[in-house]
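The values are calculated or read from the model by the stated rules, or taken from the named source; none is laboratory data. In this text the structure is predicted, and so the values were computed from the model without any measurement. As a convention, Cβ positions derive from the backbone with ideal geometry for all residues, glycine included, and neighbour counts pool all protein chains shown. The protein model used for the area step is the full one, side chains on, heavy atoms only, and it has no ligands, DNA or RNA in it. Shrake-Rupley method; radii C 1.70, N 1.55, O 1.52, S 1.80 Å.
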Amino acid sequence: MMDRLNGPPPLMIVSDLDFTMVDHEDPENLSLLRFNSLWEAYHRQFSLLVYSTGRSPTIYKQLRKEKPLLTPDITIMSVGTEIAYGESMVPDSDWEQCLNPNWDKDIIIQETAKFPQLIPQSDTEQRPHKVSFFLETPNSSEVIKALSERLEKYKLDVKIIYSNGTALDVLPKGAGKGQALAYLLRKFKANGRTPLNSLVCGDSGNDAELFTIPEVYGVMVSNAQEELLQWHAENAKNNPNIIHSSERCASGIIQAIGKFSLGPNVSPRDIKDFGKCRVNVFSPGYEVVKFYLFYERWRRAEVEKSDQNFENLKSSFYPLGTFVHPCGTEQPMKKCTDTMERLYGDKQGKQYQIWLDRVSTSQIGSDSWLVKFDKWESTGEERYCCLTTVLLTTKQAEESFTWMHIHQTWLDGLEAKEPSVWFL
């Protein structure tokens, strides 16, 4: 991650997942897909995306299989007790060592067992530095007070976090989403990579600590729970850098990027006609995001099947270029455009969606770029993904790109059962 950054990232987004980045009441994931295209088109190359979730690694990975979540640069899990880096989720063992002093999980299990109101969560949610329960709201204050008094007698340095009106977590005092973020910021500073701007995003009580970090911007999404709003009213209502958005979940994050002028904030998904809308961005990352949005809309018949649209499409491809299908077959670009013409509307009325992840670009010549990304495609419950490499050349006079070559390779376990299902 540090190698990717040439200097301090202009923006770091630190977001909770459930009901902040992910809206579980949005079956089509529209707000999340809006954020995805914004991030990959404009921010991925130089900025940092951090997820900060109460989920353990097990159910975090499960969520990634269910929702079109982007790959983060850093994942903070288990309510700030675990930190992992990159796609391979390399654990930060130094952070875990920081949490060991005056922490005794056995004593905590022993004492919490004396409270019948505390219902243990599943084994996957019991982590080395986190003991988790379900606790209903009635009498929760009394239970938390009594448990705190019991644990104090053992001189343990612990904290109790109650969120969503149902979940109680016992953690080391030095743990939590806020402390994990503060630890990361110290590491960035030591490496000369302190983000120029940081935006924290949350909806519930276990996110409150994120908003206590000095000099961060913060957004409580419109659907934030009363426990977080109450904390804000009591502790941060005079802080102009923390807002309560008027939009839900990921759409609220996009709103905050615009409110605080943290960078481009118009998602390519919000642009209905790329031909008429001129954006002040000429980049290969934006180019691939824009193309695949048009491709999705073409197959869903959400753009007009006009001669002009098709000519614009054909002009983007070098006729003598090649496309290598993930199954290994090779065909000329011209055949691709001919096939696309026939595919118009074949996904109309279906929940067909495309999103790109891990877009990276490198300039390999004065007018040529290599772009790599994971291209995801889903229809209902079926999901496929391939690593895609595109060679682009620039037409400077027109501020446009020509697609010279496309090469795709299936990612393990995400292959289409029938090669004919996948195109481009």
**Report entry** Residues (within 17 Å of residue 406 (Cβ to Cβ) and open to solvent by 60 Å² or more (accessible area, probe 1.4 Å)) located in the stretch 328-357
**Finding:** 329, 330, 332, 334, 335
Report summary line: Taking the stretch 27-58 and keeping residues among the charged types (D, E, K, R) and either assigned to a helix (DSSP H, G or I) or surrounded by 16 or more Cβ atoms within 10 Å (Cβ to Cβ) (or both) leaves 34, 40, 44, 55
Query raised in the report: open to solvent by less than 70 Å² (accessible area, probe 1.4 Å) and touching a residue at least 40 places away in the same chain (Cβ under 8 Å): does that describe residue 409?
Result: yes
Query raised in the report: Can you find a residue in the stretch 75-83 that is under 19 Å from residue 249 (Cβ atoms) and under 13 Å from the mean Cα position of the chain (by Cα)?
Result: yes
Report task. Those residues that are among the hydrophobic types (A, V, I, L, M, F, W, C) and under 27 Å from residue 412 (Cβ atoms), I need them from the stretch 306-342; list them, please. Result -> 323, 324, 327, 336
Report task. Please work out which residue is farthest from residue 168 (Cα to Cα), limiting yourself to the stretch 91-130 and to residues that are without any contact (Cβ under 8 Å) to a residue 40 or more places away in the chain and either assigned to a strand (DSSP E or B) or touching a helix residue (DSSP H, G or I) at 6+ places or on another chain (Cβ under 7 Å) (or both). Result -> 91
**Report entry** Residue among 245, 267 that alone is buried (at least 19 other Cβ atoms within 10 Å of the Cβ), under 24 Å from residue 293 (Cα atoms) and among the polar types (S, T, N, Q)
**Finding:** 267
Report summary line: Of the residues in the stretch 302-327 that are within 31 Å of the chain's Cα centre (by Cα) and not β-branched (Val, Ile, Thr), the one that is most open to solvent (accessible area, probe 1.4 Å) is 302
Query raised in the report: Does residue 394 fit the bill of being more than 28 Å from the chain's Cα centre (by Cα), assigned to a helix (DSSP H, G or I), at negative phi and polar (S, T, N, Q)?
Result: no
